[in-house]
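**Student:** Provided herewith is a single structure, encoded as structure tokens, for subsequent inquiry.
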């Protein structure tokens, strides 16, 4: 008999948590009228699937602290709805073409309807948080709302930072700048907030939440770097987005920042010139050249090793933050996340 | 003339406003900036470098958060700021709290009455349409799951606010703010001692609230001792039978 790998175990748990979150999310999305065109539009991204990582983290943390399985379901669903709202708007801002293996919402329906669908998802994410009042009490529901406001603010600030870099053709960037941006743009809503809310619910607001910042940051940062790597070297069908899309979009990934800092000045000038163009102006040949430079200068391997280092730090921080919890499948899931994050394909 | 050299303001390094992304949210600029902590450059190999930079970034972030909290006068963030400023800020925070408390009570009240926003899963929505969007319950609608718990008893909507009579004995000026749910005048109400956020300040005791159901109002009796320290004091108003909150009372005693 073979022992299951870490990735298998994490995938199984993700399937379980994700199924519960998606079932509840459909109840909110359906709103009593399944065939209405507006709700079909709003349900488009959520129905395309996805890992439900954020919802799973929230549910797992709450349960690891001893919460009832359904206690954190509303908060997890709210997070998934907001995540899908972000995706709709991000795809438009990034001029992305594919999401979860299909054309992006704005390419299918046009920008105005896509923006409105994103707005609708963001607004819908409030209802499960309001419904927390009846299941968790007004005080805890309000604390979760406070956390949600902070998470949303951090996320949009991080997104603004990245867009600013691209729009203003900023190229003087360091790895620390990248990590600062990722902390805000990705980590807060992917890992820090879900764990903080799970801990709030599991302890009934009885724990110091900054305890989970380090673990959430390192897991989230490793996750983002791996996600960016998969955009370059992954299997397009499994990744769900067009390969090299980040290069087309001029996204300031760790690989691009590394490349900018190590390449010969003549090549750097050429790269800066390409980054100064709009996506429509860039050619396939230029994108291929940037991708080839990343291989030649070891930028991909560099980023992979940084991701491994961050995942290692996450494992260390997990032991500090969660050591006092009793063993459970949920705790096991959290412990396995750093490894899964860098192993996933 | 004094031998000591006169203290001078150092020459600024810049001669025009800084307009770069690094200060977009108050963060320092990365261009040419030194490492955030420890001062040592991160090591060369990518794994160690990534980890060290990661710790620098998250520690810097936490430090910024602590500084902001300290500037706001949050007690756990370090030494308290000046008395007056802290009091004003805590007053503002408490006022916000009472605002939010009344908002939540309003939300709860409407939920109890079955009114308010969109239905939660588990509750059957009302039928009918308003504008381009269906309100639910139409022929195409999937069957909504049944409610798992009975709804709380409904309260009539659109009621007039509770009348309030104040009986205040104080030689000093005080500001009183009362948030009370509708239909509270017929209930046996009690008020907790009013507390200030600063633990060293004495409570305001002996506050009483008297129901006058025939007049559909309540009477608040409050005594403020002459020597009581300035501050913002607040407490919950409870239904004595159920111990459930019916509102909040806040009293502000301004500095002399």
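The values are calculated or read from the model by the stated rules, or taken from the named source; none is laboratory data. Keep in mind that this is a model prediction, so the values were computed, not measured. Cβ coordinates were reconstructed from backbone atoms using ideal geometry, including for glycine residues, and neighbour counts include every protein chain displayed.
**Student:** What's the number of the only condition in (1) in contact with a strand residue (DSSP E or B) (Cβ under 7 Å, 6 or more places away or on another chain); (2) more than 14 Å from chain B (Cβ to nearest Cβ) that residue A:36 fails to meet?
**Tutor:** Just one mismatch for residue A:36, condition (2).
**Student:** In segment B:168-183, which residues are part of a strand (DSSP E or B) and over 21 Å from residue B:239 (Cβ atoms)? Reasoning before the result, please.
**Tutor:** If we filter segment B:168-183 for residues that are part of a strand (DSSP E or B), which is where we start, we get B:168-170, B:175-180.
Hits for segment B:168-183 are B:168, B:169, B:170, B:175.
Quick grid of which residues meet (1) at pLDDT 90 or above; (2) not in a helix (DSSP H, G or I):
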| residue | (1), (2) |
| --- | --- |
| A:42 | yes, no |
| A:50 | no, yes |
| A:57 | yes, no |
| A:68 | yes, yes |
| A:89 | yes, no |
| A:113 | yes, no |
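**Student:** Please indicate, with yes or no, whether at least one residue in segment A:1-9 is in contact (Cβ under 8 Å) with a residue 60 or more places away in the chain, more than 14 Å from every other protein chain (Cβ to nearest Cβ), touching a helix residue (DSSP H, G or I) at 6+ places or on another chain (Cβ under 6 Å) and buried (at least 21 other Cβ atoms within 10 Å of the Cβ).
**Tutor:** Checked against the condition, which is being in contact (Cβ under 8 Å) with a residue 60 or more places away in the chain, more than 14 Å from every other protein chain (Cβ to nearest Cβ), touching a helix residue (DSSP H, G or I) at 6+ places or on another chain (Cβ under 6 Å) and buried (at least 21 other Cβ atoms within 10 Å of the Cβ), segment A:1-9 yields no hits at all.
**Student:** Going by the conditions given, is residue A:156 more than 10 Å from chain B (Cβ to nearest Cβ) and outside any helix (DSSP H, G or I)?
**Tutor:** Spelling it out, it is not the case that residue A:156 is more than 10 Å from chain B (Cβ to nearest Cβ) and outside any helix (DSSP H, G or I).
**Student:** Right, next: Please go through segment A:117-139 and pick out each residue that is closer than 18 Å to residue A:202 by Cβ, touching a residue at least 40 places away in the same chain (Cβ under 8 Å) and out of contact with any helix residue (DSSP H, G or I) (no Cβ under 7 Å at 6 or more places or on another chain).
**Tutor:** Passing the criteria: only A:139.
**Student:** Right, another one. Kindly provide the set of residues from segment A:208-233 that are farther than 18 Å from residue B:60 by Cα and free of Cβ contacts under 8 Å to residues at least 40 places away in the same chain, ordered by number.
**Tutor:** Residues satisfying the conditions are A:208, A:227, A:231.
**Student:** Let me ask something else. Determine, yes or no, whether residue A:247 is in contact (Cβ under 8 Å) with a residue 12 or more places away in the chain, under 17 Å from residue A:92 (Cα atoms) and buried (at least 19 other Cβ atoms within 10 Å of the Cβ). So that I can check it myself, show each step before the final result.
**Tutor:** On the way: in contact (Cβ under 8 Å) with a residue 12 or more places away in the chain: yes; under 17 Å from residue A:92 (Cα atoms): yes; buried (at least 19 other Cβ atoms within 10 Å of the Cβ): yes.
Yes, satisfied.
**Student:** Next question. Sort out for me the helices (runs of 4 or more DSSP H) sitting completely within segment A:253-335 that have 2 or more residues that are within 13 Å of another protein chain (Cβ to nearest Cβ).
**Tutor:** On the way: elements: A:254-262, A:265-275, A:284-296, A:299-322.
Passing ranges, in order: A:254-262, A:299-322.
**Student:** Continuing with this model, one more query. In segment A:258-284, what residues are in contact with a helix residue (DSSP H, G or I) (Cβ under 7 Å, 6 or more places away or on another chain) and within 15 Å of residue A:170 (Cβ to Cβ)? Give the derivation first.
**Tutor:** Kept after step one, since they are in contact with a helix residue (DSSP H, G or I) (Cβ under 7 Å, 6 or more places away or on another chain), are these residues of segment A:258-284: A:258-260, A:263, A:267-268, A:271, A:274, A:279, A:282.
Correct list: A:259, A:260, A:268, A:271, A:274.
**Student:** Among the listed residues A:214, A:169, which satisfies the condition of being more than 10 Å from every other protein chain (Cβ to nearest Cβ), touching a helix residue (DSSP H, G or I) at 6+ places or on another chain (Cβ under 9 Å), surrounded by fewer than 24 Cβ atoms within 10 Å (Cβ to Cβ) and more than 18 Å from residue A:50 (Cα to Cα)? Even if it seems obvious, please write down each step before you answer.
**Tutor:** Details: A:214 fails: more than 10 Å from every other protein chain (Cβ to nearest Cβ).
None of the others qualify; the one that does is A:169.
**Student:** Does segment A:70-82 hold any residues that are within 21 Å of residue A:155 (Cβ to Cβ) and part of a loop (DSSP other than H, G, I, E, B), and which are they?
**Tutor:** Going residue by residue through segment A:70-82, those that are within 21 Å of residue A:155 (Cβ to Cβ) are A:72, A:74-82.
Scanning segment A:70-82 gives a single hit, A:72.
**Student:** Going by the conditions given, is residue A:224 within 25 Å of residue A:7 (Cβ to Cβ), assigned to a helix (DSSP H, G or I) and more than 10 Å from chain B (Cβ to nearest Cβ)?
**Tutor:** Against the criterion (within 25 Å of residue A:7 (Cβ to Cβ), assigned to a helix (DSSP H, G or I) and more than 10 Å from chain B (Cβ to nearest Cβ)), residue A:224 qualifies.
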